[in-house]
Each structure stands twice: as C-alpha cells, then as structure tokens.
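J.: Take this structure, written in structure tokens, and hold onto it; I'll ask about it next.
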Amino acid sequence: MRKQPILLGIVGDSGAGKTTFTKAITKVLGEHQVAVICTDDYHKYNRAERAEKNLTPLHPDCNYLDIVEQHLLLVKAGQPILKPNYNHSTGDFAPPSYIQPKEFIIVEGLLGYFTKTMRDCYDIKLYLAPPDDLNVPWKLKRDMQVRGYSEEAALREIRLRKPDAEAFIYPQRKWADMVLYFGQNRRGAGDHLNVSLLLRPTLPLPDLSAMLEQKAGGHGLRWMRDSELDLPADRLEIDGNISDKTAKQLEDLLWQSVPAEYRHLRRDRIDAIKGERSEIKSYPLALTQLLIAYHVLHAASGR
C-alpha cells in the first residue's frame, strides 16, 4: 500500500518568507520527493476585479476556500488534483497545473489554516511571524523586483492589506505547531537575524540537552519553557551571532536525531543565509529549516 503523504503547512502574512522556506525545506527533503501547493493560487478575482470590489487577496471572500479544502483532502488521500494558478506578476490567472502527490507535500499561503477542514489535513503546521521592520522591507523589495510594482504602489498595497492581515492572517498563529519569530541582531556586525522558534507539545522534541548544558554560558543557543496565547510551549532561541562551531554541532545533532531511514538525505552542510549587504555567514534561519525538516521526517517515519 502506498504511504499517505506528509503535509507541511507554511502560513504567514504576505512577504513573510513562505516561499523562501518552502524552497529551502524542499532542498533538504529532495525535490523529487516534494510537491508544492500554494493556496494563494485559489483567488476568485484577478487584480483588476479585486480593485473594483475593494477586496484584498487576504480576505476569505476573495478565495475559493472550499476548493482548497477539497484539494487538500484529495492529496492527503494520495489523489492528484488540477490546481489553479495565479500569476503575481500580471495579476491574472494562468493555466492550471496537474499535481501528483509525492511523499511530502508543502502547502504554503495566506489562509492555509483558516478552516478546521484545512487544519485537520496537515501533519505539521508552521507559522512565520517576522516583525514589521523586517516584513515591510522584504515585501517592498519583492513586489518591486519580482512583481513589477512601483514603490508607491507597493506601499499603498501594504497599507490597504494591513487591516485584513490583522483580522484574518495573524489569528491563524494559534493553530500552528511551530511559530517562527525572527528579528535583527543588534549586537553584532552585518545583517544577521536572531531566531526564536516556539514549539507546542503537539510535536516531538529533539533531545538537545547535552548541547544546551554545554552551551549554558552563552554561545548563541538557548532553550526554555514558555507559553503562547496561554498554551504551553518550548522556545528555542538562536542568536544571529552564533559561532560556526556551535552551528555545526547543532546541525550534526539534528541529523543524528533524524530517523535512520532518512539520514541518507544529508548531503553537504546546510547553506548559511547571507545578509543583503554583507557576505558574513548567518546560520539561524538555515538551522531552523533543518529543525522543521527533522519534524517532517519524524512524522513520515511514524506514518
């Protein structure tokens, strides 16, 4: 019998880094084993029609959420779908794509956890929560360089979408197994990012105790008990100035904790994320991507 696919959800506001994380985790798992579904392809209206109706893409009424539900149920059952496509550069629709489920399916988008039917389809749910001082510049850069917006038009879209983001996107955080916060590291040079990853009890945790005890005096790695929206959680914090040595030790420990049948996926050392204005290596986001892959592989092993 064919194994049921493992579904990883990645939800967050526009420009939060969902596509970047999807590509990075796909690279770890192996592109031939991953199918990707973007729920933002399920818009009801093109850009011109949304302007006429005074709707943003973040509003549930602007999306065929019932079809998203249907398609997630189908791929979870191992059935293919004919997925719609939305072209963000033209603001219009493109021909649909035939999606055949693979061992892993990453579902990324704005409203992926909006209904219970959707939420019940995922094995793991990740929410990305960058602060505005990072999210706005990231979105501005993407919209201007990739989607052809002028700076004025991009800033106007950000302002128009903010109320819908607060009403419909941010509240989905409460459904996530993992919530990823990141921010600028102010203590070191370069464009390093600090990472704070909240893990709820819905997921098994890797045993990092030996390493954390060894690094108790600092070294850019901390693990603590915390809470989020009055729910218990563990929080792993990785400083942007974490040393190469400590990053390598954490990477080795995570791979040692991966189920044995998936350790062959390890190839070269994880890629360091580089800042836009420097070539100084920064590992926290790359290590976070590996930690997410660890959870995906554990879910697959227990399937």
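The values are calculated or read from the model by the stated rules, or taken from the named source; none is laboratory data. Predicted model only: the values in this text are computed from it and were never measured. Please note: Cβ atoms are built from the backbone with ideal geometry, for glycine as well, and neighbour counts cover all protein chains shown.
J.: Would you tally the residues in segment 1-24 being β-branched (Val, Ile, Thr), in contact with a helix residue (DSSP H, G or I) (Cβ under 7 Å, 6 or more places away or on another chain) and within 19 Å of residue 172 (Cβ to Cβ)?
T.: 2
J.: Would you point out which residue out of 132, 61 is free of Cβ contacts under 8 Å to residues at least 60 places away in the same chain, in the same structural domain as residue 38 (by TED's automatic domain parsing) and surrounded by fewer than 17 Cβ atoms within 10 Å (Cβ to Cβ)?
T.: The match here is 61.
J.: Scan segment 60-82 for residues that are among the hydrophobic types (A, V, I, L, M, F, W, C) and more than 21 Å from residue 123 (Cβ to Cβ) and report the count.
T.: 3
J.: Which pairs turn up if I take residues in segment 92-105 that are more than 13 Å from residue 74 (Cα to Cα) and of a type outside the set (Val, Ile, Thr) and look for partners that are modelled with pLDDT of 95 or more and assigned to a loop (DSSP other than H, G, I, E, B) with beta carbon separation below 6 Å, at least 6 apart in sequence or on another chain?
T.: Within 6 Å, the pairs are 92/46.
J.: Taking segment 32-54 only, how many residues are without any contact (Cβ under 8 Å) to a residue 40 or more places away in the chain and under 20 Å from residue 69 (Cβ atoms)? Spell out how you get there, then give the answer.
T.: Applying the first criterion (without any contact (Cβ under 8 Å) to a residue 40 or more places away in the chain) to segment 32-54 yields 44-45, 49-54.
Checking the rest, the ones that are also under 20 Å from residue 69 (Cβ atoms) come to 44-45.
Counting residues in segment 32-54 that are without any contact (Cβ under 8 Å) to a residue 40 or more places away in the chain and under 20 Å from residue 69 (Cβ atoms) gives 2.
J.: While we're on this one: Find the residue count for segment 176-193, including only residues that are modelled with pLDDT of 75 or more and crowded, with 19+ Cβ neighbours inside 10 Å.
T.: Matching residues across segment 176-193 total 7.
J.: Step by step: first the residues of segment 97-124, then only those that are in contact with a helix residue (DSSP H, G or I) (Cβ under 6 Å, 6 or more places away or on another chain) and of a type in the set (D, E, K, R), then the one that is surrounded by the most Cβ atoms within 10 Å (Cβ to Cβ). Which residue is that?
T.: 108
J.: Identify the residue in segment 121-156 that is part of a loop (DSSP other than H, G, I, E, B) and farther than 19 Å from residue 170 by Cα and, among all such residues, is nearest to the chain's Cα centre (by Cα).
T.: Result: 123.
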